[in-house]
Amino acid sequence: MPEIAPARDAADALQAAMPEALLDSHCFRDETTLIVPPVQVVDVCRFLRDTPGLVFNFLSDISAVDYWPEQVRPERFGICYHLLSMLYGRRLRVKIFVAEDEAEAPTITAVWPGANWLEREIFDLMGINFRGHPDMRRVLMPADWDGHPHRRDYPLGYEQVQFSFNAEEIMKHKPFAKE
Amino acid sequence: MAVVETPTGAPEAYRWEGNIEELRGLVSERAFTGETMLLNMGPHHPSTHGVLRVLLELDGEQIVNAVPDVGFLHTGIEKTIESKTYEKGVTATDRMDYLSPLSNNMAFCLAVEKLVDLDVPPRAQLIRVICLELQRIASHMVWLGTHAIDLGAMSVLLYAFREREKVLDMLEMLSGQRMMGSYFRPGGVWRDITSDFKPTLVKFLGEFPRAVQDYQRLLEKNPIWVDRTQGVGVIEPERALAWGMTGPALRGSGVNWDLRKSMPYSGYEQFTFNVPLGEHGDVYDRFMCRILELWESMKILHQALERLEDRGPFRSDNRKFVPPPRSELGQSMEAVIHHFKLWTAGFDAPDEEVFAAVESPRGEIGCYLHGTGGNMPRRVHFKTPSFMHISSLPLLTQGHFIADLVAIIGSVDIVLGDCDR
């Protein structure tokens, strides 16, 4: 297989091939981020994986971020796909934004089956549904859990400290079986 | 529906109250006709290396389906870090992968340093490399011991833990704790190495090769070991990549990918070492990769020891991010202000996102960090190797016997704290 020189800029390559799929791109600390529309994320991932000169063949991570309450953008959630090109030794972040009222994104399990549990984790902890996912269940929290703990409006729980004067009073409200 | 039937007269407590329909899609249709058997393995089972539960669908002894169930150790570490300043967040990361806490420290510190653009002095990088390699040895010792005991080789555990104890003693010299040291801090390490550390490391490097030779002699050509591991849990390189496997589990399939070599961090590019590769992608090759990695770690430690003579700062002197040493507080008003500011409010980081990854003993630990512009992160996410490896467990185990499942779980070296976070 002939050695193909790496494309200088993934954003340019995507812009040339699928102009409608690139909303924005920026670079921070040598990390390139491509912002794409949610509906096209599967095509973009497949393009980045299969195009000579890019070959982002490995999915490192999928992570979701909640922009509540500052709301820098109209959409509440961001989902970052961290891709890695083992051939050229570089990383790329593909990012989509998802609104709160339709918290849904297409699944990329068809491109990388390893995305399966990473997407389940986001569904579990952030409450974003992945359309077409083969097994959309909670993964870390119990199946009957209410709410999505990694949302920023989900309170960080804590346990009241018991002292001798209020130990019994607090014990009454503790959520475990008594007698 | 044979699975749900409860023997008449069974005590109330033994009656299963789950809904059989919940299993539809997870196991094959044959389970519903009673043709195959459903068996629950774990979460309290010594060979699942923690609290992993696997729902097995069995045809006789053969695994038709394995459905891993995780989350028993979920402690919300990522959520906790969101309400801590960056330096305090380091202590929470220790508790994820409890067999190699320093790798977690490293991933988090690299991400923080990248986010605020903080430089780490060469000596701090060197100390970090020494610690990471010691940690790799300690982690591989636990893996070796437990993996061997799973397959019936009892004595290896004792020899492996004997050596691990020496490594933990050294880590205790540095940080004051055997395991959860939080020794790495943004900008360097907590303090310089102590005077007794170097002689202990030299002594350890003198003794350890013999120990590794012993392990190799015990297992490498042992007919029982070879029978139990060769050709078991085979995964092809393409599938391993598609399923996000990393570390020795990926290298066992022959993929030459080690972040220390391919995308060096913390000065790993200055060291000469090899990346051991497997060929067949079975349990035996993954075992050999890890064993040979021990030799490579020793090589790195030898080279690091030579360079340990060069004195220098062990932590960045950028006072906006790194607290001043205690000795300065009596003389400098500036130092008092920095000390107070950093230990109460911490430092601010930009509202941007970064991703840093390190090669832990188990594979790639990735840390995604998103700042808020304030002193606490908006989001921290750890991509952990155990999480990916457990998700590919059904692939690895299909068609094998239950006894092989135990070998396969041991060979991908999972840590449930790492998986559940």
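I'm checking my understanding of the structure. Among residues of the stretch B:115-127 that are part of a helix (DSSP H, G or I) and within 14 Å of another protein chain (Cβ to nearest Cβ), which one is nearest to the chain's Cα centre (by Cα)? Among residues in the stretch B:115-127 that are part of a helix (DSSP H, G or I) and within 14 Å of another protein chain (Cβ to nearest Cβ), the one nearest to the chain's Cα centre (by Cα) is B:115.
Taking residues in the stretch A:19-30 that are of a type in the set (Asp, Glu), and partners anywhere that are part of a strand (DSSP E or B), the pairs with Cβ atoms closer than 6 Å and at least 6 places apart or on different chains are A:24/A:35.
Only residues that are in contact (Cβ under 8 Å) with a residue 60 or more places away in the chain, facing chain A (nearest Cβ under 9 Å), of a type outside the set (D, E, K, R) and outside any loop (DSSP other than H, G, I, E, B) were counted in the stretch B:228-243, giving 0. Of the residues making up the stretch B:325-334, one or more are of a type in the set (A, V, I, L, M, F, W, C) and more than 11 Å from chain A (Cβ to nearest Cβ). Check the stretch B:54-61 and report whether any residue there is outside the structural domain of residue B:393 (by TED's automatic domain parsing) and in a helix (DSSP H, G or I). The answer is no, given that none of the residues of the stretch B:54-61 is outside the structural domain of residue B:393 (by TED's automatic domain parsing) and in a helix (DSSP H, G or I). Just to be sure before I move on: is residue B:112 within 19 Å of the chain's Cα centre (by Cα), buried (at least 20 other Cβ atoms within 10 Å of the Cβ) and either of a type in the set (Val, Ile, Thr) or within 11 Å of chain A (Cβ to nearest Cβ) (or both) in the structure I sent? No: the conditions fail for residue B:112.
Tell me which residues, restricted to the stretch A:126-167, are touching a residue at least 40 places away in the same chain (Cβ under 8 Å) and within 11 Å of chain B (Cβ to nearest Cβ). It would help to see each step written out before you state the result.
Kept after step one, since they are touching a residue at least 40 places away in the same chain (Cβ under 8 Å), are these residues of the stretch A:126-167: A:126, A:128, A:150-153.
A:126, A:150, A:151, A:152 - these are the residues of the stretch A:126-167 that are touching a residue at least 40 places away in the same chain (Cβ under 8 Å) and within 11 Å of chain B (Cβ to nearest Cβ).
Name every residue in the stretch B:244-274 that is among the basic types (Lys, Arg) and buried (at least 21 other Cβ atoms within 10 Å of the Cβ), in order of residue number. Full working, then the answer.
Filtering the stretch B:244-274 for residues among the basic types (Lys, Arg) gives B:251, B:260-261.
Those that are among the basic types (Lys, Arg) and buried (at least 21 other Cβ atoms within 10 Å of the Cβ): B:251, B:260.
Which residues, counting only those in the stretch A:94-135, are of a type in the set (A, V, I, L, M, F, W, C), buried (at least 16 other Cβ atoms within 10 Å of the Cβ) and more than 13 Å from the chain's Cα centre (by Cα)? First the steps, then the outcome.
Applying the first criterion (of a type in the set (A, V, I, L, M, F, W, C)) to the stretch A:94-135 yields A:94, A:96-99, A:103, A:105, A:108, A:110-112, A:115, A:117-118, A:122-123, A:125-126, A:128, A:130.
Going one step further and asking which of them are buried (at least 16 other Cβ atoms within 10 Å of the Cβ), we end up with A:94, A:96-98, A:103, A:105, A:108, A:111-112, A:115, A:117-118, A:122-123, A:125-126, A:128, A:130.
Matches in the stretch A:94-135: A:111, A:112.
Across the stretch A:63-79, the qualifying residues are those that are crowded, with 18+ Cβ neighbours inside 10 Å and farther than 14 Å from residue A:33 by Cβ, and the one among them that is farthest from the other protein chains (Cβ to nearest Cβ) is A:76.
Do you know which residues across the stretch B:304-336 are of a type in the set (A, V, I, L, M, F, W, C), more than 30 Å from residue A:26 (Cα to Cα) and touching a Lys or Arg at 6+ places or on another chain (Cβ under 9 Å)?
Narrowing the stretch B:304-336 to residues of a type in the set (A, V, I, L, M, F, W, C): B:304-305, B:308, B:314, B:321-322, B:329, B:333, B:335-336.
Next, only the ones that are more than 30 Å from residue A:26 (Cα to Cα) stay: B:304-305, B:308, B:314, B:329, B:333, B:335-336.
Across the stretch B:304-336, the qualifying residues are B:305, B:308, B:314, B:335.
State yes or no: is residue B:381 within 12 Å of chain A (Cβ to nearest Cβ), touching a Ser or Thr at 6+ places or on another chain (Cβ under 6 Å) and under 30 Å from residue A:73 (Cα atoms)?
Working: within 12 Å of chain A (Cβ to nearest Cβ): yes; touching a Ser or Thr at 6+ places or on another chain (Cβ under 6 Å): yes; under 30 Å from residue A:73 (Cα atoms): yes.
Considered against the rule, which asks whether it is within 12 Å of chain A (Cβ to nearest Cβ), touching a Ser or Thr at 6+ places or on another chain (Cβ under 6 Å) and under 30 Å from residue A:73 (Cα atoms), residue B:381 comes out as yes.
Restricting attention to the stretch B:335-358, the residues that are farther than 13 Å from residue B:374 by Cβ and either buried (at least 18 other Cβ atoms within 10 Å of the Cβ) or in contact (Cβ under 8 Å) with a residue 24 or more places away in the chain (or both) total 10. Only one of the numbered conditions (1) more than 14 Å from chain A (Cβ to nearest Cβ); (2) surrounded by fewer than 23 Cβ atoms within 10 Å (Cβ to Cβ) is violated by residue B:361, and that is (2).
Listed by first and then second residue, the pairs linking a residue in the stretch B:244-269 that is touching a residue at least 24 places away in the same chain (Cβ under 8 Å) and within 12 Å of chain A (Cβ to nearest Cβ) to a residue that is assigned to a loop (DSSP other than H, G, I, E, B) and of a type in the set (Ser, Thr, Tyr), with Cβ atoms under 7 Å apart and 6 or more places separating them unless they lie on different chains, are B:245/B:392.
Among the strands (runs of 3 or more DSSP E) contained in the stretch A:1-117, which hold 3 or more residues that are in contact with a Gly (Cβ under 8 Å, 6 or more places away or on another chain)? Talk me through it step by step, then tell me what you get.
Working: elements: A:24-28, A:31-35, A:58-66, A:77-85, A:90-98, A:104-106.
Counting at least 3 such residues, we get A:58-66, A:90-98.
Total residues in the stretch B:335-387 satisfying the condition of being farther than 30 Å from residue B:291 by Cβ and either polar (S, T, N, Q) or not assigned by TED's automatic domain parsing to the domain that holds residue B:97 (or both): the figure is 3.
Cβ separations smaller than 7 Å between residues 6+ apart or across chains give the following pairs from the stretch B:386-412 residues that are within 19 Å of residue B:150 (Cβ to Cβ) to residues that are among the aromatic types (Phe, Trp, Tyr) and assigned to a helix (DSSP H, G or I): B:411/B:287. For the stretch B:290-309, the criterion of being out of contact with any strand residue (DSSP E or B) (no Cβ under 6 Å at 6 or more places or on another chain), more than 28 Å from residue B:206 (Cα to Cα), at pLDDT 90 or above and surrounded by 15 or more Cβ atoms within 10 Å (Cβ to Cβ) is met by no residue.
The values are calculated or read from the model by the stated rules, or taken from the named source; none is laboratory data. Quick caveat: nothing in here was measured; it's all calculated off a predicted structure. Virtual Cβ from ideal backbone geometry, glycine too; neighbours counted across all protein chains shown.
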